[in-house]
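Visitor: Below: one structure in structure tokens.
What follows is calculated from the coordinates using simple rules that are stated; it is not laboratory data. Just so it is clear, the model here is predicted, and its values are computed rather than measured. Cβ sites come from the backbone with ideal geometry, for glycine too, and all protein chains shown count toward neighbours.
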Amino acid sequence: MALRVESTSVADGQSIAEIHAVATPTADGKAEMAGRDLSPHLRWSGEPEATRSFAISVIDPDVPADRTRMGVEGLSLGAEEPRVDFAHWLVADIPPSVHELAEGAGGDGFVAHGKPPEPPALGAVTGQNGYRGLFEGDADLEGTYGGWDGPYPPWNDEVVHHYETTVYAIDVDSLGLGSGFTLEEFRAAIDGHVLDRGTIVPTYSLNPALR
């Protein structure tokens, strides 16, 4: 049986509810940081017998590479815009007995300068998300953002963003990652250790034409 991922919070191919986002749309077609930023519920099953731990990643591959172009009046970001991967949640070393995370296990509420990377389950280790890089240089927001922080796509983006939510069955008890690890470190650590994976891909947009 292939690893199956389910959620009562988000659904494959469906828009993420604003309760799970950092930003929500405004009446004038822009955005404000008014979402609750609640991490979604996740449940998984059907892992291989040799599984010794689980890992989770939530990645948006649609984030514009040039952050200075995000949210600029009179500028639209089309499909030709260079894009990069942006981590919203990274967790490793989830014990094999754990098959579910409740809503809010990875974070409940946006915190300026970032939340500490507290594990959502006993024995797990949590990484940092991409908001550290996004807010770099902003005295009001910069810092290391741990755990879950949800969608905040540019309101001037013509592309709907996809949130690749993946649970990995891992063949070792620990990937050897320290608290606050990065996406690059996560990908290097799981390389060669993934027995199976399951993914759902909900979406989100702040562009009024795409909602």
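Visitor: Do me a favour and compute the ellipsoid semi-axes for the stretch 71-124 from its Cα gyration tensor, root of five times each eigenvalue, largest one first, whole Å.
Guide: With the √(5λ) rule applied to the stretch 71-124, the semi-axes are 33, 15, 10 Å.
Visitor: Please state the charge dipole magnitude for the stretch 109-184, taken about the Cα centre, from unit charges on C-beta atoms (+1 on K and R, -1 on D and E), reported in debye and rounded to the nearest 20.
Guide: For this selection, approximately 220 debye.
Visitor: Residue farthest toward the positive end of the dipole of the chain, with Cβ of Lys/Arg at +1 and Asp/Glu at -1: which of Ser45, Gln14, Thr26?
Guide: Positive-most Cα among the choices belongs to Ser45.
Visitor: Farthest toward the dipole's positive end in the chain, which of Gly150, Ala169, Ala65, given Cβ charges of +1 (Lys, Arg) and -1 (Asp, Glu) about the Cα centre?
Guide: Comparing the listed Cα positions along the dipole, Ala169 ranks first.
Visitor: Work out the FRET efficiency for Glu136 and Ser97 from their Cβ-Cβ distance, taking R0 = 25 Å, and round it to the nearest 0.05.
Guide: Result of the calculation: an efficiency of 0.05.
Visitor: Calculate the length of the line joining the C-alpha centroid of the stretch 85-131 to that of the stretch 18-61, in whole Å.
Guide: Each part reduced to its Cα centre gives a spacing of 10 Å.
Visitor: Considering Cα pairs under 8 angstrom that are at least six residues apart, work out the relative contact order of the chain and quote it in whole percent.
Guide: Dividing the mean separation by the residue count of the chain yields 30 percent.
Visitor: Divide by every residue of the chain the summed helix terms, -39500 (n - 2.57) for each DSSP H run of at least 4, and state the resulting mean residue ellipticity at 222 nm, rounded to the nearest 500 deg cm²/dmol.
Guide: -1500 deg cm²/dmol
Visitor: Additional query: Multiply the residue gap between Thr26 and Arg43 by 0.36 nm, knock off their C-alpha separation, and tell me the result in nm, one decimal place.
Guide: Between Thr26 and Arg43, full extension yields an extra 2.9 nm.
Visitor: Would you calculate the convex hull of the Cα atoms in the stretch 1-69 and tell me its volume per residue in Å³?
Guide: Spread over its residues, the Cα hull of the stretch 1-69 gives 141 Å³ apiece.
Visitor: Taking only C-alpha pairs under 8 Å that are 6+ residues apart, what is the relative contact order of the stretch 18-143 in percent?
Guide: 25 percent
Visitor: Rounded to the nearest 5, what is the percent of antiparallel bridges among the DSSP beta bridges in the chain?
Guide: For the chain, the DSSP antiparallel bridge percentage is about 95.
Visitor: Hey, another quick one. Determine the principal axes of the Cα atoms in the chain, then give the extent along each, sorted from largest to smallest and rounded to whole angstroms.
Guide: Answer, in whole Å and largest first: 54, 35, 29 Å.
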